[in-house]
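**Student:** Mind looking over this structure? Questions follow.
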Amino acid sequence: MNRIQGRTVLITGASSGIGRASAKAFASFGANLILCARRQDRLAAFKHELEREHGLPVRIKTLDVRDRQAVETFVAELEKDGAIPDVLLNNAGKALGLHLLHEGLVEDWEEMIDTNVKGLLYVTRAVLPLMVERNTGHVVNIGSIAGHQVYQKGAVYCASKFGVRALNEGMALDLLGTNVKVTSIDPGLAETEFSQVRFHGDTERARTVYQGYQPLRPEDIAEIITFVVNTPDHVNISDLVVLPTAQRSAHMVHKELPQG
Ligand SMILES: NC(=O)c1ccc[n+]([C@@H]2O[C@H](COP(=O)([O-])OP(=O)(O)OC[C@H]3O[C@@H](n4cnc5c(N)ncnc54)[C@H](OP(=O)(O)O)[C@@H]3O)[C@@H](O)[C@H]2O)c1
């Protein structure tokens, strides 16, 4: 059954990885898409591709989720145009660096916290009242296995994703008595641009993260997100941890690497 067709889905971080794959998956269900990210050229090309393949209008917006004013203005525009999201996919996020805490780069910490926690909050604060007012909607937050277990040299990224988990739980509690649903999807290792971003463009180092096992593909997560959103109104999946079969915890990954 398709309960997604005709619904309006707002995705942050739709220019790459999980956000991009989710946009494709929602388009295949016939959703109306609103796609945000900072890279305008990527979004414009993607809009073209989706509209050609699915024949549905796609709205794009160059948006930095850290810019609170821009977020508020954009959501006010959506409201004015009657394009109120039925689904908000809070996906924009990143890890930066792998450092012992006492050697960490404060600029990286600030960018992670500003994007993963504060950016998510800005978008949610703007969109959620519109859902509450209509007494319908679904917020899907992209957390991480890093929101359940801390790994060495990743304390600040993990703290930001523990924060997302707390916000997911808090949102769900605060929406008690409404029909607005809240879900966190918490992936393990997924092959996207995530590690390239983490290692500041060092593609060789990024590639090694995904060697010797089959990581998640962004399409795997997208399929799960559409499954979760497609559940009946009275069913709410609150938190899903999704790992590659070769990964059993934040720290344990079975890799088969060539000898030598
Ligand atoms: N890949 C993994 O192993 C993994 C595991 C667990 C959780 N996650 C989470 O999954 C989410 C998606 O990451 P991904 O793996 O798909 O990585 P990705 O390929 O790097 O995609 C990240 C997306 O976020 C956008 N973004 C980054 N900063 C932004 C900002 N300030 N404002 C708006 N958009 C911004 C990027 O677009 P622009 O650069 O164009 O803005 C891009 O579209 C993140 O929250 C990440 O923490 C990933």
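The values are calculated or read from the model by the stated rules, or taken from the named source; none is laboratory data. Predicted model only: the values in this text are computed from it and were never measured. Every residue, glycine among them, receives a Cβ derived from its backbone with ideal geometry; neighbour counts consider all protein chains shown. In case anyone asks, the SASA skips ligands and DNA or RNA and just uses the protein heavy atoms, side chains included. Shrake-Rupley method; radii C 1.70, N 1.55, O 1.52, S 1.80 Å.
**Student:** Exactly one of (1) in contact with a helix residue (DSSP H, G or I) (Cβ under 9 Å, 6 or more places away or on another chain); (2) open to solvent by 30 Å² or more (accessible area, probe 1.4 Å); (3) assigned to a loop (DSSP other than H, G, I, E, B) is unmet by residue 244. Its number?
**Tutor:** (2)
**Student:** Could I ask something else about it? Which of the residues belonging to segment 190-206 are closer than 20 Å to residue 221 by Cβ and surrounded by fewer than 20 Cβ atoms within 10 Å (Cβ to Cβ)?
**Tutor:** 191, 193, 196, 197, 206
**Student:** Can you list residue pairs whose Cβ atoms sit under 6 Å apart, with the first residue in segment 50-77 being touching a residue at least 24 places away in the same chain (Cβ under 8 Å) and within 12 Å of residue 32 (Cβ to Cβ) and the second being more than 11 Å from the ligand (Cβ to nearest atom) and among the charged types (D, E, K, R)? Count only pairs 6 or more apart in sequence or on different chains.
**Tutor:** Matching pairs, first to second residue: 58/47; 58/51.
**Student:** Within segment 210-223, work out how many residues are without any contact (Cβ under 8 Å) to a residue 24 or more places away in the chain and either more than 10 Å from the ligand (Cβ to nearest atom) or touching a Pro at 6+ places or on another chain (Cβ under 8 Å) (or both). Even if it seems obvious, please write down each step before you answer.
**Tutor:** Filtering segment 210-223 for residues without any contact (Cβ under 8 Å) to a residue 24 or more places away in the chain gives 210.
Pick out the ones that are also either more than 10 Å from the ligand (Cβ to nearest atom) or touching a Pro at 6+ places or on another chain (Cβ under 8 Å) (or both) and you get none.
The qualifying residues number 0.
**Student:** Run residue 97 past the list (1) in contact with an Asp or Glu (Cβ under 6 Å, 6 or more places away or on another chain); (2) more than 14 Å from residue 157 (Cβ to Cβ) and report the number of the one that doesn't hold.
**Tutor:** Only one criterion in (1) in contact with an Asp or Glu (Cβ under 6 Å, 6 or more places away or on another chain); (2) more than 14 Å from residue 157 (Cβ to Cβ) is unmet by residue 97, namely (2).
**Student:** Okay, next question. For the subset of segment 98-155 comprising residues that are among the small types (Gly, Ala, Ser) and away from the ligand (no atom under 16 Å from the Cβ), which member is most open to solvent (accessible area, probe 1.4 Å)? Break it down stepwise before answering.
**Tutor:** Residues of segment 98-155 that are among the small types (Gly, Ala, Ser), as a first pass: 104, 119, 126, 137, 143-144, 146-147, 154-155.
From what is left, the residues that are away from the ligand (no atom under 16 Å from the Cβ) are 104, 137.
Details: 104: 22, 137: 6 Å².
Going through the qualifying residues, I end up with 104.
**Student:** Please determine whether any residue of segment 224-233 is open to solvent by less than 20 Å² (accessible area, probe 1.4 Å), over 16 Å from the mean Cα position of the chain (by Cα), more than 15 Å from the ligand (Cβ to nearest atom) and closer than 15 Å to residue 87 by Cα.
**Tutor:** Of segment 224-233, the ones open to solvent by less than 20 Å² (accessible area, probe 1.4 Å) are 225-226, 228-229, 231.
If we keep only those that are over 16 Å from the mean Cα position of the chain (by Cα) as well, we get 231.
Checking the rest, the ones that are also more than 15 Å from the ligand (Cβ to nearest atom) come to 231.
Next cut, closer than 15 Å to residue 87 by Cα only: 231.
Checked against the condition, which is being open to solvent by less than 20 Å² (accessible area, probe 1.4 Å), over 16 Å from the mean Cα position of the chain (by Cα), more than 15 Å from the ligand (Cβ to nearest atom) and closer than 15 Å to residue 87 by Cα, segment 224-233 yields at least one hit.
**Student:** Sticking with this structure for a sec: Among (1) on the phi < 0 side of the Ramachandran plot; (2) without any contact (Cβ under 8 Å) to a residue 24 or more places away in the chain, which single condition is residue 201 missing?
**Tutor:** Result: residue 201 fails condition (1) only.
**Student:** Pairs please, first residue from segment 122-138 and under 17 Å from residue 72 (Cα atoms), second anywhere and open to solvent by 60 Å² or more (accessible area, probe 1.4 Å), Cβ atoms under 6 Å, 6+ apart in sequence or on different chains.
**Tutor:** Filtered contacts from segment 122-138: 122/68; 126/72.
**Student:** Looking at the structure I just gave you, is residue 40 out of contact with any helix residue (DSSP H, G or I) (no Cβ under 8 Å at 6 or more places or on another chain) and either basic (Lys, Arg) or closer than 20 Å to residue 124 by Cβ (or both)?
**Tutor:** Working: out of contact with any helix residue (DSSP H, G or I) (no Cβ under 8 Å at 6 or more places or on another chain): yes; either basic (Lys, Arg) or closer than 20 Å to residue 124 by Cβ (or both): no.
No: the conditions fail for residue 40.
**Student:** Which of the residues spanning segment 177-188 are over 15 Å from residue 224 (Cα atoms) and either near the ligand (Cβ under 6 Å from one of its atoms) or of a type in the set (S, T, N, Q) (or both)? Walk me through how you get there before you give the answer.
**Tutor:** Within segment 177-188, the subset over 15 Å from residue 224 (Cα atoms) is 177-181.
Hits for segment 177-188 are 178, 179.
**Student:** Please note which strands (runs of 3 or more DSSP E) are completely contained in segment 1-81 and include at least 2 residues that are away from the ligand (no atom under 15 Å from the Cβ), modelled with pLDDT under 95 and surrounded by 15 or more Cβ atoms within 10 Å (Cβ to Cβ).
**Tutor:** Values: elements: 8-12, 32-37, 58-62.
Qualifying strands (runs of 3 or more DSSP E): none found.
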